[in-house]
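Trainee: Questions regarding the structure given below will be posed in turn.
The values are calculated or read from the model by the stated rules, or taken from the named source; none is laboratory data. Computed from a prediction, not measured in an experiment: that's the story for all the values here. As a convention, Cβ positions derive from the backbone with ideal geometry for all residues, glycine included, and neighbour counts pool all protein chains shown. The protein model used for the area step is the full one, side chains on, heavy atoms only, and it has no ligands, DNA or RNA in it. Shrake-Rupley method; radii C 1.70, N 1.55, O 1.52, S 1.80 Å.
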Amino acid sequence: MTVRPSVPPIIQGGMGVGISDWRLAQAVSRRGQLGVVSGTALDTVMVRRLQDGDVGGHVRRAMAEFPIPDVAAEVRRRYFRPEGREPGMPYKMLPMYQQAMSQSRQLLTMLAAFVEVYLAKQGQQQGVVGMNLLTKVQIPTLPALYGAMLAGVDVILMGAGIPREIPAALDHLAQHQMASLRFEVEGLPSGREERLILDPKGFWTLPPPELRRPLFLAIIASNSLATMLARKASGRIDGFVIEGPTAGGHNAPPRGEPRFNEHGEPQYGERDVVELAKISELGLPFWLAGGAGRKGRLPEALAAGASGIQVGTLFAYCEESGLAEGLKRSILAHAARGEVTVRTDPRASPTGYPFKVVSWPGGPGDGVARERRCDLGGLRAAYCTPQGRIGYRCPAEPVAAYVKKGGKVEDTVGRRCLCNALTADIGLGQIRANEEVEPPLVTSGDDLESIGEFLAGRTRYTAGDVLDYLVG
């Protein structure tokens, strides 16, 4: 009989594109807490690591364990450069996601998720490892889930949307059965529905391995969403992460009439406070996130009925995180002097969700010149053309292109390409014209502004130091 894992009291946040990478998740998991890898754009991260020579051979070692034959060999042939890229050489790009993904594209996405989870779990028998995915990024979700499950992922966490159909998808994929999700397409005629489909049977010539269905934690920001998921999700919800507006990355928009402060930040009020007593009545465990990275917050959460906390910001700047070394050192040095600002930008993200942006002296901040482009496409929205076909557009792409596809010009104001910017945060930014590197855009929770108390004069620290601080 398969033993279901349990979720520890501390969950390490699944941050950014590759900030929460396998090294960080492994370090946290080995200490008995839930280490989490970010599932966002893992296929791009994997092929760029290969093109940079796969220093240490970790990606290739994990690829060799992928159970579907010939996939790893083909990916290695196409993308691995033993000596890395020559100076100024751009990364070879992957095809952008389409509703009807080719089998080879599905397999590459599965392989990337497998690699990250496999490496996070490697060398440990009891550690618990999770993967965080964005509900908003729909097309790669099913192959990413299946690839992570092939590597033995213990927990799936999903927010940035309403992951109502994910529990049933996990049930089906655990049995190697066809899974599907409703595909959000703007402007579909009444009565028409589009689906995303993954059928594992087409990948196997021999009997597939037995899989365990991972636990599923929905990341929510309101009582109403928690209640709806608990009662109407397609299958078992195993708990919630309740994320407040001080958390990094994307935040849920405020409820009610929009209000903004003098800096243009959205203002949250009483309607945005989750009532923990009502969450407890649902009978499911929950963890508190957003502002949880301070001493004493864990016992406070437990006393309030929570099962623990989720912490992101402190882990984002530890030695094991995937954040580029230069950014890490610069931000910590300025944060220790109180010289960083975290602003909730209501327009930066193409998704329309408020998004936290970090600024500091000498950093890229808000004013960096960034050429509009869309060549990764992770946050593109699908829409129905006048001819009834499905197209794709992003308000951060060139304005003329977006408007030509039926988008409104006012929706493009202030938008930034997070796909490329967040990839640059981990040192994998694309090379542009004149050998310029795509500039980064760093996101963090509000806790970054007061991280000096935790640092206590240090300029470096480990994931273990964070855990000691949280439980001390």
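Trainee: Out of 423, 443, I need the residue that is among the polar types (S, T, N, Q) and assigned to a loop (DSSP other than H, G, I, E, B). Which one?
Mentor: Values: 423 fails: assigned to a loop (DSSP other than H, G, I, E, B).
Exactly one residue qualifies, and that residue is 443.
Trainee: Would you please name the residue that is surrounded by the fewest Cβ atoms within 10 Å (Cβ to Cβ), looking only at residues in segment 332-373 that are under 21 Å from residue 45 (Cβ atoms) and more than 19 Å from the chain's Cα centre (by Cα)?
Mentor: Once the filter is applied, the top-ranked residue is 370.
Trainee: Sticking with this one: Just one of (1) closer than 22 Å to residue 8 by Cα; (2) without any contact (Cβ under 8 Å) to a residue 60 or more places away in the chain; (3) part of a loop (DSSP other than H, G, I, E, B) trips up residue 339, so point out which.
Mentor: That leaves (1) as the condition not met.
Trainee: Another question about this same structure. Please go through segment 18-50 and give me each residue that is part of a helix (DSSP H, G or I) and open to solvent by 10 Å² or more (accessible area, probe 1.4 Å), ordered by number.
Mentor: Restricting attention to segment 18-50, the residues satisfying the condition of being part of a helix (DSSP H, G or I) are 22-30, 42-50.
Within segment 18-50, 22, 23, 26, 27, 30, 42, 44, 49 meet the criteria.
Trainee: From 412, 459, 423, grab the single residue that is among the β-branched types (Val, Ile, Thr), out of contact with any strand residue (DSSP E or B) (no Cβ under 6 Å at 6 or more places or on another chain) and open to solvent by 50 Å² or more (accessible area, probe 1.4 Å). Step through it out loud before you land on a result.
Mentor: Numbers: 412 fails: open to solvent by 50 Å² or more (accessible area, probe 1.4 Å); 423 fails: open to solvent by 50 Å² or more (accessible area, probe 1.4 Å).
One residue alone meets the criteria, 459.
Trainee: Still on this structure, please answer the following. Checking residue 55 against (1) among the hydrophobic types (A, V, I, L, M, F, W, C); (2) open to solvent by 50 Å² or more (accessible area, probe 1.4 Å); (3) touching an Asp or Glu at 6+ places or on another chain (Cβ under 9 Å): exactly one of these is not met. Which one?
Mentor: Result: residue 55 fails condition (3) only.
Trainee: Can you tell me which residue in segment 104-126 is farthest from residue 13 (Cα to Cα), limited to those that are in contact with a Gly (Cβ under 7 Å, 6 or more places away or on another chain) and not aliphatic (A, V, I, L, M)?
Mentor: Ranking the candidates gives 109 first.
Trainee: How many of the residues in segment 446-462 are within 25 Å of the chain's Cα centre (by Cα) and part of a loop (DSSP other than H, G, I, E, B)?
Mentor: Of the residues in segment 446-462, 4 are within 25 Å of the chain's Cα centre (by Cα) and part of a loop (DSSP other than H, G, I, E, B).
Trainee: Next up: Quick check, is residue 142 touching a residue at least 40 places away in the same chain (Cβ under 8 Å), closer than 19 Å to residue 381 by Cα, buried (at least 23 other Cβ atoms within 10 Å of the Cβ) and hydrophobic (A, V, I, L, M, F, W, C)? I'd like the intermediate steps shown before the answer.
Mentor: On the way: touching a residue at least 40 places away in the same chain (Cβ under 8 Å): yes; closer than 19 Å to residue 381 by Cα: yes; buried (at least 23 other Cβ atoms within 10 Å of the Cβ): yes; hydrophobic (A, V, I, L, M, F, W, C): yes.
The answer is yes for residue 142.
Trainee: Out of 236, 231, 195, 255, I need the residue that is of a type in the set (Lys, Arg), open to solvent by 30 Å² or more (accessible area, probe 1.4 Å), assigned to a loop (DSSP other than H, G, I, E, B) and at pLDDT 90 or above. Which one? Outline the logic, then answer.
Mentor: On the way: 231 fails: assigned to a loop (DSSP other than H, G, I, E, B); 195 fails: assigned to a loop (DSSP other than H, G, I, E, B); 255 fails: at pLDDT 90 or above.
Answer to the selection: 236.
Trainee: Restricting the search to segment 307-331, which residues are open to solvent by less than 10 Å² (accessible area, probe 1.4 Å), within 23 Å of residue 8 (Cα to Cα) and either in contact with a Pro (Cβ under 8 Å, 6 or more places away or on another chain) or free of Cβ contacts under 8 Å to residues at least 60 places away in the same chain (or both)?
Mentor: Within segment 307-331, 308, 309 qualify.
Trainee: Of the conditions (1) of a type outside the set (Asp, Glu); (2) open to solvent by less than 40 Å² (accessible area, probe 1.4 Å); (3) touching an Asp or Glu at 6+ places or on another chain (Cβ under 8 Å), residue 285 clears all except one; give me its number.
Mentor: Answer for residue 285: the failing condition is (2).
Trainee: Going through segment 161-185 one residue at a time, which ones are part of a helix (DSSP H, G or I) and either over 19 Å from the mean Cα position of the chain (by Cα) or within 10 Å of residue 198 (Cβ to Cβ) (or both)?
Mentor: Residues of segment 161-185 that are part of a helix (DSSP H, G or I), as a first pass: 166-174.
Once the filter is applied, which keeps residues that are part of a helix (DSSP H, G or I) and either over 19 Å from the mean Cα position of the chain (by Cα) or within 10 Å of residue 198 (Cβ to Cβ) (or both), segment 161-185 yields 168, 169, 171, 172, 173, 174.
Trainee: Then there's this: For residues in segment 207-223 being in a loop (DSSP other than H, G, I, E, B), open to solvent by 10 Å² or more (accessible area, probe 1.4 Å) and not acidic (Asp, Glu), which is farthest from residue 310 (Cα to Cα)?
Mentor: Narrowing segment 207-223 to residues in a loop (DSSP other than H, G, I, E, B): 207-214, 221-222.
Next, from what is left, pick out any that are open to solvent by 10 Å² or more (accessible area, probe 1.4 Å): 207-213, 221-222.
Adding the requirement that they be not acidic (Asp, Glu) leaves 207-209, 211-213, 221-222.
Numbers: 207: 38, 208: 34, 209: 32, 211: 27, 212: 24, 213: 22, 221: 14, 222: 16 Å.
If we take residues in segment 207-223 being in a loop (DSSP other than H, G, I, E, B), open to solvent by 10 Å² or more (accessible area, probe 1.4 Å) and not acidic (Asp, Glu), then 207 is farthest from residue 310 (Cα to Cα).
Trainee: From 129, 153, 117, grab the single residue that is on the phi < 0 side of the Ramachandran plot, in contact with a strand residue (DSSP E or B) (Cβ under 7 Å, 6 or more places away or on another chain), in a loop (DSSP other than H, G, I, E, B) and open to solvent by less than 30 Å² (accessible area, probe 1.4 Å).
Mentor: The unique qualifying residue is 153.
Trainee: Here is a follow-up. Restricting attention to segment 256-279, which residues are within 26 Å of residue 470 (Cβ to Cβ) and in contact with a strand residue (DSSP E or B) (Cβ under 8 Å, 6 or more places away or on another chain)? Even if it seems obvious, please write down each step before you answer.
Mentor: First, the residues of segment 256-279 that are within 26 Å of residue 470 (Cβ to Cβ): 268, 272-277, 279.
If the condition is that a residue be within 26 Å of residue 470 (Cβ to Cβ) and in contact with a strand residue (DSSP E or B) (Cβ under 8 Å, 6 or more places away or on another chain), then 274, 276, 279 are the ones that fit.
Yes/no per residue for (1) hydroxyl-bearing (Ser, Thr, Tyr); (2) more than 25 Å from residue 242 (Cα to Cα):
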residue	(1), (2)
15	no, no
72	no, yes
85	no, yes
92	no, yes
97	yes, yes
100	no, yes
106	no, yes
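Trainee: Residue by residue through segment 258-267, note down the ones that are closer than 16 Å to residue 221 by Cα and part of a loop (DSSP other than H, G, I, E, B).
Mentor: Of everything in segment 258-267, just one residue is closer than 16 Å to residue 221 by Cα and part of a loop (DSSP other than H, G, I, E, B), namely 267.
Trainee: Can you pull out every residue in segment 239-252 that is open to solvent by less than 40 Å² (accessible area, probe 1.4 Å) and part of a loop (DSSP other than H, G, I, E, B)?
Mentor: Hits for segment 239-252 are 244, 247, 248, 249, 251.
Trainee: On to the next question. Quick check on my filter: what residues within segment 407-436 are among the hydrophobic types (A, V, I, L, M, F, W, C) and either closer than 24 Å to residue 97 by Cβ or at pLDDT below 90 (or both)?
Mentor: Filtering segment 407-436 for residues among the hydrophobic types (A, V, I, L, M, F, W, C) gives 409, 413, 417-419, 421-422, 424, 426, 428, 431, 433.
Residues satisfying the conditions are 417, 418, 419, 421, 422, 424, 426, 428, 431, 433.
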